[in-house]
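Worksheet: one structure, shown below.
The values are calculated or read from the model by the stated rules, or taken from the named source; none is laboratory data. Source: prediction; values computed, not measured. Cβ sites come from the backbone with ideal geometry, for glycine too, and all protein chains shown count toward neighbours. Remember, those area values only see protein heavy atoms, side chains included, never the ligands or the DNA or RNA. Shrake-Rupley method; radii C 1.70, N 1.55, O 1.52, S 1.80 Å.
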Amino acid sequence: MQKAAVERNNEALAAQLAPVGRETVQDRVYSELRRALIGGLFEPSQVLTIRGLADALVTSTMPVREALGRLITEKALEALPNRSVRVPPITLERIDDLLRARILIEGEAISLAASRMGPRQIATVEALLREWDEIRALKHKKDVDREVTLNQSFHFEIYRACGSAVLIPMIESLWLQSGPCIRVAIYAFSEAGEVDTAHYHRSIVAALAAQDAQAAREALVADISRPFAFLRDKLQSRTRTE
């Protein structure tokens, strides 16, 4: 009798819970593709196929298809007629739209964080800056991946201090859509011989240490606006010559 009751309970649970293994694979695929997009590992306009991604991730096509569906819903990818997908191309409208949204959302987050960050959190972002300086001093393209990661860590260490559970997912979505653009900007800065941009981050840290919300917001806007402005100018120049 007791064994039969246990089996009935197990059957009831099985009807309510999804298989853990399958869900885990889907989540891993989604997380990896999401990380790649935020890190700019895919280029704007790059076409991605389900089979190609499944082979690269050493998995079946089903979790890849479902992950791509989620990323299309989040506007990080675009569906194409031939059942493949692509990273959205860089356009003037998209650049302006993304920058406007990032200024609004991330500006509010850093303003909230300014009064909440303590010495330990300030020390953490300062340590990230020191590592950034070491990476930039090497001046090798192979370090771009690490530079992108440090930039993300720096910003999100600050944003997590804002105290808003609503703003963080919105910021993550904006970074998901911005990643390919920022990667292009980093390479463009390098090709143009642009000066190191770490001083923008130092201005942010100084404002946060002083708990000056307005100065922190202004420093952030200067930091995130620069790559978008650079891309905008480059795109306009290309358009004029065509």
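For the stretch 34-55, residues that are in a helix (DSSP H, G or I), surrounded by 14 or more Cβ atoms within 10 Å (Cβ to Cβ) and among the small types (Gly, Ala, Ser) total 2.
The residue pairs whose first member lies in the stretch 123-142 and is closer than 20 Å to Gly40 by Cα and modelled with pLDDT under 70, whose second member is outside any helix (DSSP H, G or I) and not small (Gly, Ala, Ser), and whose beta carbons are closer than 8 Å, counting only pairs six or more residues apart or on different chains, do not exist in this structure. In the set (1) under 30 Å from Arg240 (Cβ atoms); (2) open to solvent by less than 30 Å² (accessible area, probe 1.4 Å), the condition left unmet by Thr91 is number (2). Selection of the stretch 76-85 for residues being open to solvent by less than 80 Å² (accessible area, probe 1.4 Å) and either part of a loop (DSSP other than H, G, I, E, B) or more than 11 Å from Ser45 (Cα to Cα) (or both) yields Ala76, Leu77, Ala79, Leu80, Ser84. Cβ separations smaller than 7 Å between residues 6+ apart or across chains give the following pairs from the stretch 218-242 residues that are part of a helix (DSSP H, G or I) to residues that are at pLDDT 85 or above and surrounded by fewer than 15 Cβ atoms within 10 Å (Cβ to Cβ): Arg232/Leu92; Leu235/Leu92. Taken over the stretch 56-75, the criterion of being within 26 Å of Arg146 (Cβ to Cβ), assigned to a helix (DSSP H, G or I) and open to solvent by less than 60 Å² (accessible area, probe 1.4 Å) is satisfied by Leu57, Ala67, Leu71.
Among residues of the stretch 23-33 being open to solvent by 30 Å² or more (accessible area, probe 1.4 Å) and of a type in the set (Val, Ile, Thr), the one that is modelled with the highest pLDDT is Val25.
Can you list residue pairs whose Cβ atoms sit under 7 Å apart, with the first residue in the stretch 86-99 being part of a helix (DSSP H, G or I) and the second being open to solvent by 40 Å² or more (accessible area, probe 1.4 Å) and not aromatic (Phe, Trp, Tyr)? Count only pairs 6 or more apart in sequence or on different chains. If the second residue must be open to solvent by 40 Å² or more (accessible area, probe 1.4 Å) and not aromatic (Phe, Trp, Tyr), the pairs left are Leu92/Arg232; Ile95/Arg232. Would you call Ala113 open to solvent by less than 50 Å² (accessible area, probe 1.4 Å) and modelled with pLDDT of 95 or more? So Ala113 passes the test.
Taken as a whole, the structure leaves Glu106 outside the set of residues that are within 30 Å of Glu218 (Cβ to Cβ), among the charged types (D, E, K, R) and open to solvent by 10 Å² or more (accessible area, probe 1.4 Å).
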